[in-house]
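Comments concern the structure below.
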Amino acid sequence: MEQVARLLAQVGLLEADPGRVAALKGSADREGPWMEGEGCRIYRRSLRVREGTLYFIASNGSSKHLYALGGSVPRGLEGPAISTGRLRMLRAELSTGNAAALHELFPYTAPVSLRDRTTTIGCGDRLGLATPGHLRALAGRQAAPVLAQQSVRELTLTQRSFPGVVADASFLVFQEGYEGGYGADGDHLKNLRDIDSALDAGMPMITLDLTEVMSPEPAAWTPARVDQAFASLAEELKAVTSARYEGKRFELEGTSVEIGATEARRCALMYGRAVEFAAEVDRHLRTRRGAAYDLEISIDETTAPTLPAHHLYIASELQRRGVAVTSMAPRFVGEFQKGIDYIGDLRAFEEQFKVHCAISRSRGGYKVSIHSGSDKFSVYPAIGRHTGMRLHLKTAGTSWLEAVRVAARLDPGLFRRILAAAVDGFAEASRLYHVAADPARVPAPQSIPDAGLEACLEEPNARQVLHIAYGRLLGDPGMRSEIYRFLAEHEEEHYTAVERHIGRHVRLLGVPEVTRFP
Ligand code: ZN
């Protein structure tokens with residue numbers, strides 16, 4: 001703490017003079033993101049004065065803290081304090097408790113509902129380190145980031161928690177001085193218990209995964225069997241299905257969708273219970289958060305692509321029940337595998353995607369959500385065009401791969417060990433993920449020259465093997481601390497890699513730049 005105080009004195013910050021603070025903050029683009037000295041770094045963009053107290057993030061080389069310097073120690077923040085001259089300086093751990101205090105002091109550091117934002121980008125960050133890269137990739141673009149986004153599966157594999165994920169994003173938002181608002185998504189949640197733990201952590205977005213309450217079986221049933229099962233459904237559901245859907249043709253913008261009698265009954269059998277559950281979750285969210293929540297309906301983790309008639313049925317039933325759907329993720333035709341480009345017929349994709357977009361526009365205008373959305377460069381132009389940018393693009397593991405890329409560039413030994421462990425753990429990891437990689441086609445790490453290591457991140461087999469290996473790597477305490485230490489040492493290289501990669505997504509989607517009026 002004394003070193004930080006000496007560095008503050010050197011740069012003229014011991015008096016929290018707002019003019020001096022603004023000048024140092026504004027010089028970040030020109031002079032670099034931090035001021036260095038006494039073995040410490042003070043992050044320029046984090047400098048902020050509130051009620052006479054100066055707040056900032058500083059690193060002592062091995063760890064970062066939030067500091068507060070003023071006449072008295074602020075309420076809420078916890079940590080040791082020292083006196084420097086007539087001032088007190090407090091050093092707060094980047095903990096969940098101190099994140100809650102930060103949200104009180106600087107409300108822009110807390111996640112918010114992005115219901116009213118047209119374009120949103122899910123920036124899953126498994127390490128809790130990539131936020132500055134995500135923010136820089138979206139800077140100057142008309143899109144809002146969802147910076148904290150984890151599924152229960154990811155939390156388990158990374159040994160993190162919802163409050164920890166939100167805290168990590170909050171402190172990095174503060175470090176970057178970003179005040180534009182960001183979302184937090186409890187991703188692929190299937191029950192009220194998990195939903196409550198995400199809500200308790202202050203996450204305004206819930207991605208409700210309906211996989212377990214949908215019934216996929218009737219998809220393959222004969223009309224006779226569908227009719228037989230339909231007969232035993234609740235009278236109300238039967239009446240609604242007959243009156244509203246059986247044999248009806250729905251005129252949508254530029255297209256139409258027909259639902260035959262059998263298909264309507266099939267939908268009632270497949271989705272009736274799921275729609276009821278979604279309505280229950282929506283009521284729960286409204287009770288807990290008023291209107292400040294984003295409900296995403298996810299039906300993408302199914303065995304077959306979502307037929308337009310089925311999407312239309314689900315959307316209509318949700319609308320009839322007054323469910324506030326912010327976004328919906330159907331499963332599209334072709335393959336959306338983790339971390340690699342779209343696999344399939346581009347024309348077939350576009351033809352059906354258009355219809356999904358028309359359905360969303362006709363049923364309340366929710367955003368079409370693209371899951372496993374990273375790296376689908378060949379379909380982004382079509383996605384941007386047909387959604388009119390009213391979309392949510394969900395990415396996660398691709399940012400982890402950028403961290404791995406930095407290792408490939410700067411620490412060949414570490415990268416080779418990561419690759420070897422990834423190949424080793426592939427059989428186990430691939431049980432949890434939809435990937436088609438063949439680990440036997442990944443070259444032996446020792447046989448790759450240093451200059452060829454980064455190319456592994458462009459080769460689909462190695463890329464997917466690395467993509468799903470994060471659980472094993474972060475579950476090994478030695479490897480985990482090595483990866484974190486490495487990325488702390490190469491923080492800016494990491495941010496730049498993430499910025500460049502996510503920036504490519506944003507450009508190809510055609511996310512417009514923010515218009516500035518002269
Ligand atoms: Zn998904």
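The values are calculated or read from the model by the stated rules, or taken from the named source; none is laboratory data. Everything numeric here is computed off the predicted structure, so don't read it as measured data. Methodologically, a virtual Cβ is constructed for each residue, glycine included, from the backbone with ideal geometry; neighbour enumeration extends over all protein chains shown. The protein model used for the area step is the full one, side chains on, heavy atoms only, and it has no ligands, DNA or RNA in it. Shrake-Rupley method; radii C 1.70, N 1.55, O 1.52, S 1.80 Å.
Among the residues of the stretch 1-37, the ones that are open to solvent by 70 Å² or more (accessible area, probe 1.4 Å) and in a loop (DSSP other than H, G, I, E, B) come to 2 in all.
For the stretch 428-448, taking the residues that are touching a residue at least 24 places away in the same chain (Cβ under 8 Å) and in a helix (DSSP H, G or I), the one that is nearest to the chain's Cα centre (by Cα) is identified as Ala429.
Here's the yes/no breakdown for (1) under 23 Å from Leu114 (Cα atoms); (2) assigned by TED's automatic domain parsing to the domain that holds Pro477; (3) under 22 Å from the mean Cα position of the chain (by Cα):
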site	(1), (2), (3)
Ser362	yes, no, no
Tyr366	yes, no, yes
Lys394	yes, no, yes
Ala408	no, yes, no
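Residues in the stretch 449-472 that are open to solvent by less than 20 Å² (accessible area, probe 1.4 Å) and in a loop (DSSP other than H, G, I, E, B): Leu453, Ile468, Ala469. Flag set for Leu466, criterion: touching a helix residue (DSSP H, G or I) at 6+ places or on another chain (Cβ under 7 Å), closer than 30 Å to Ile383 by Cα, in the same structural domain as Arg416 (by TED's automatic domain parsing) and touching a residue at least 60 places away in the same chain (Cβ under 8 Å). Of all the numbered requirements in (1) open to solvent by less than 10 Å² (accessible area, probe 1.4 Å); (2) away from the ligand (no atom under 16 Å from the Cβ); (3) under 30 Å from His284 (Cα atoms), Ser362 misses one, and that requirement is (1).
Could you tell me which residue of the stretch 391-421 is nearest to His505 (Cα to Cα), considering only residues that are more than 16 Å from the ligand (Cβ to nearest atom) and among the basic types (Lys, Arg)? In this case the residue turns out to be Arg405.
When residues in the stretch 153-198 are screened for being under 18 Å from Thr395 (Cβ atoms) and either open to solvent by 50 Å² or more (accessible area, probe 1.4 Å) or charged (D, E, K, R) (or both), 6 of them pass. The residues of the stretch 202-231 that are open to solvent by less than 10 Å² (accessible area, probe 1.4 Å) and among the polar types (S, T, N, Q) amount to a single one, Thr207. Against the test of being open to solvent by 50 Å² or more (accessible area, probe 1.4 Å), in contact with an Asp or Glu (Cβ under 7 Å, 6 or more places away or on another chain) and closer than 28 Å to Gly183 by Cα, the options Arg91, Arg45, Arg117, Arg75 yield a single qualifying residue, Arg45.
May I ask you to list the residues in the stretch 300-329 that are outside any helix (DSSP H, G or I), modelled with pLDDT of 95 or more and within 21 Å of Arg115 (Cβ to Cβ)? The answer is Arg321, Gly322, Val323, Ala324, Val325, Thr326, Ser327, Met328, Ala329.
Scanning the stretch 306-326 finds one or more residues that are within 16 Å of the ligand (Cβ to nearest atom), over 23 Å from Ala198 (Cβ atoms) and either within 18 Å of the chain's Cα centre (by Cα) or among the β-branched types (Val, Ile, Thr) (or both).
Can you spot a residue in the stretch 383-390 that is part of a loop (DSSP other than H, G, I, E, B) and either assigned by TED's automatic domain parsing to the domain that holds His501 or within 16 Å of the ligand (Cβ to nearest atom) (or both)? No - not one qualifying residue is present in the stretch 383-390.
Flag: Leu432 matches the condition of being touching a Lys or Arg at 6+ places or on another chain (Cβ under 7 Å), surrounded by fewer than 18 Cβ atoms within 10 Å (Cβ to Cβ) and over 25 Å from Ser59 (Cα atoms).
Looking across Ala101, Ala58, Ala68, one residue alone is at pLDDT 95 or above, among the small types (Gly, Ala, Ser) and not in a strand (DSSP E or B). It is Ala101. Entry remark, the stretch 232-260: residues being hydrophobic (A, V, I, L, M, F, W, C) and buried (at least 17 other Cβ atoms within 10 Å of the Cβ) number 6 in total. In this structure, Glu154 qualifies as over 25 Å from Tyr67 (Cβ atoms), part of a helix (DSSP H, G or I) and touching an Asp or Glu at 6+ places or on another chain (Cβ under 9 Å). Filtering Ala407, Ala420 for residues that are over 25 Å from Arg141 (Cα atoms) and surrounded by fewer than 22 Cβ atoms within 10 Å (Cβ to Cβ) leaves a single hit, Ala420.
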